[in-house]
Amino acid sequence: MSQKRVLSGIQPTSDSFHLGNYLGAVKQWVELQDSHDAYYCIVDLHAMTVETDPKLMRKRTLTSAAQLLAFGISPEKATLFVQSQVPAHNQLGWVMECLTGFGEASRMTQFKDKSQKSGADTTRVGLFTYPMLMAADILLYQTNLVPVGEDQRQHIELTRDIAERFNSKYGKTFVIPEGYILKEGAKIFDIQDPTAKMSKSAGSGAGLIEIMDTPEANLKKIKSAVTDAGREVKFDAKEKPGISNLLSIHSALSGKSIKSLELEFDGKGYGDFKTSVAEVVVEYLRPIRSKALELLEDEPYLLTILHDGAQKASSVADKTLEQTYKNLGLVL
Ligand code: AMP
Ligand code: TRP
């Protein structure tokens with residue numbers, strides 16, 4: 001029996017991924033590559049929806065690849081590639097735009113939030129059409145499962161709607177994908193403001209745990225994470241958002257259940273608990289950062305993996321694109 005297909009994407013918008021990216025998405029990517037036919041994409045075209053600098057774009061794309069490999073994405077098990085190297089993404093993206101209602105696209109909350117923050121004059125049209133390009137990313141590979149964090153749920157719903165619409169109008173062309181969004185880790189919060197999601201665009205960066213940061217810097221950040229009123233280490237997302245977030249992080253990385261952590265820290269204060277979280281995070285990330293730095297020393301190796309990946313991805317994507325054009329009545 002052939003394996004089910006998984007696809008996901010991540011934007012190269014920063015010098016480092018953060019813990020939310022890892023726990024919300026990449027950790028599942030690594031797990032799913034063993035049981036699925038996996039395609040993982042560094043979505044540089046999506047990254048262009050905000051101001052970019054050519055030097056940074058190149059550097060961050062390679063750093064993204066190095067981090068994904070360091071986390072355990074294996075080129076033997078999964079196809080790792082850069083979105084702009086597979087032109088079918090742009091080609092199907094246009095078809096997706098022509099199938100999406102303006103009102104439907106206007107309801108995307110991520111667009112509404114981001115465009116409200118930056119204002120109409122600096123918001124690019126590409127930010128508005130971004131979910132349609134994401135739909136193309138997914139549908140090109142006849143994807144069954146899309147492992148992402150909670151913030152992408154609405155985009156996956158849109159992808160399903162567009163795919164169903166296309167199939168019923170033009171004949172069955174696309175597999176209808178499903179989101180793979182875990183309960184735990186799907187939303188990691190900022191450790192300075194645990195009511196906001198951990199994000200690279202947030203404030204000062206003091207609340208962001210970055211994979212490529214030094215162990216010393218991360219240790220310091222976690223030790224100064226905000227906590228809540230009271231002194232009991234207990235999971236309560238409403239009353240204790242800070243402690244609950246740290247419990248989720250500890251549990252995801254140490255493999256201990258939240259219940260057993262509550263017991264372990266029963267009668268101890270927040271200080272002891274934060275020290276433990278800091279140690280778990282720092283020791284987990286230390287070898288990953290070293291491995292990524294080592295991989296970055298060998299650019300030809302990284303480029304070979306990405307070029308091979310793009311070739312393999314293209315052979316799948318081109319077939320879907322051809323079928324789509326055929327079903328639309330385009331002359332081939
Ligand atoms: P992005 O950096 O926006 O390309 O996000 C890459 C992946 O990380 C997506 O699947 C997001 O849903 C996920 N993600 C981003 N921030 C968080 C967060 N704070 N908690 C959990 N998942 C996240
Ligand atoms: N929009 C996603 C994010 O910001 C990234 C992304 C682009 C993606 N294309 C995708 C995720 C396809 C899953 C599948 O996180």
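Dividing the Cα convex hull volume of the range 83-131 by residue count, how many Å³ per residue is that?
Per-residue hull volume (Cα only) is 81 Å³.
Taking R0 as 45 Å, what's the FRET efficiency between Glu31 and Cys98 from their Cβ-Cβ distance, rounded to 0.05?
0.80
Which three extents, in whole angstrom, do the alpha-carbon atoms of the chain cover along their principal axes, largest first?
72, 46, 44
Ratio of alpha-carbon Rg to the 2.2 N^0.38 Å globular estimate for the range 189-244, to two decimals, please.
Scaled against compact globular proteins, the figure is 1.15.
Apply 1/(1 + (r/R0)^6) to the Cβ-Cβ distance of Leu330 and Glu164, taking R0 = 22 Å, and write down the FRET efficiency to the nearest 0.05.
0.55
Please work out the Cα center distance from the range 12-57 to the range 70-88, rounded to the nearest Å.
Each part reduced to its Cα centre gives a spacing of 10 Å.
State, to one decimal in nm², a quarter of the convex hull surface area for the C-alpha atoms of the range 46-202, i.e. the direction-averaged projected area.
11.0 nm²
Please report, to one decimal in angstroms, the Kirkwood hydrodynamic radius of the range 1-136 built from all distinct Cα-Cα pairs.
By the Kirkwood definition, the hydrodynamic radius is 16.1 Å.
What Rg and what Dmax come out for the range 156-215 when only alpha-carbon atoms are used, in angstroms?
18.4, 54
Which value in Å is the Kirkwood Rh of the range 205-332 over different Cα pairs?
That comes to 18.2 Å for the range 205-332.
For the range 91-186, what does the relative contact order come out to in percent, with C-alpha contacts under 8 Å and a separation of six or more?
Relative contact order comes out at 32 percent.
If packing is taken as the average number of other Cβ atoms within 10 Å across a peptide's residues, how do 246-258, 106-118 rank, most packed first?
Most protected by this proxy first, the peptides run 246-258, 106-118.
Going by accessible area, probe 1.4 Å, with all protein chains left in place, what is the ranking of Glu184, Glu150, Glu210, largest first?
Glu184, Glu150, Glu210
Determine the relative contact order of the range 1-154: mean sequence separation of Cα pairs under 8 Å and six or more apart, normalised by residue count, in whole percent.
Taking the mean separation of contacting Cα pairs over the length of the range 1-154, I get 36 percent.
I want the antiparallel fraction of DSSP beta bridges within the chain, as a percent rounded to 5.
About 10 percent, rounded to the nearest 5.
Can you give the accessible area per residue of the chain, in Å², using a 1.4 Å probe?
With all protein chains present, the chain gives 48 Å² per residue.
Expressed in whole Å with the largest first, what are the equivalent ellipsoid semi-axes of the range 252-309 derived from the C-alpha gyration tensor as the square root of 5 times each eigenvalue?
Each semi-axis is √(5λ); the values are 38, 13, 5 Å.
Roughly how many whole Å is it from the C-alpha centroid of the range 313-331 to that of the range 187-251?
45 Å
Which entries of Lys55/Lys112; Lys187/Lys221; Lys187/Lys259; Lys77/Lys169 show an alpha-carbon separation above 31 angstrom in the structure shown?
Lys77/Lys169
Dipole of the range 78-225, Cα-centred, from +1 at each Lys and Arg C-beta and -1 at each Asp and Glu C-beta, to the nearest 20 debye?
Charge dipole of the range 78-225: 120 debye, to the nearest 20.
Given Cα pairs under 8 Å that are at least 6 residues apart, what percent is the relative contact order of the range 225-288?
Relative contact order, the range 225-288: 34 percent.
Apply the Debye scattering formula to the range 225-287, with a single equal point scatterer on each alpha-carbon and no solvent, then give log10 I(q)/I(0) at q = 0.15, 0.19, 0.23 Å⁻¹.
-0.39, -0.63, -0.92
So, with a 1.4 angstrom probe, what is the percent of accessible area on the chain that is carbon and sulfur?
The computed percentage sits at 53.
The values are calculated or read from the model by the stated rules, or taken from the named source; none is laboratory data. What you are looking at is a predicted structure, and each value in this text was computed from that prediction instead of being measured. Heads up, the Cβs are rebuilt from the backbone with ideal geometry, glycines too, and the neighbour counts pull from every protein chain shown. Heavy atoms of the whole protein, side chains included, go into the accessibility calculation; ligands, DNA and RNA do not. Shrake-Rupley method; radii C 1.70, N 1.55, O 1.52, S 1.80 Å.
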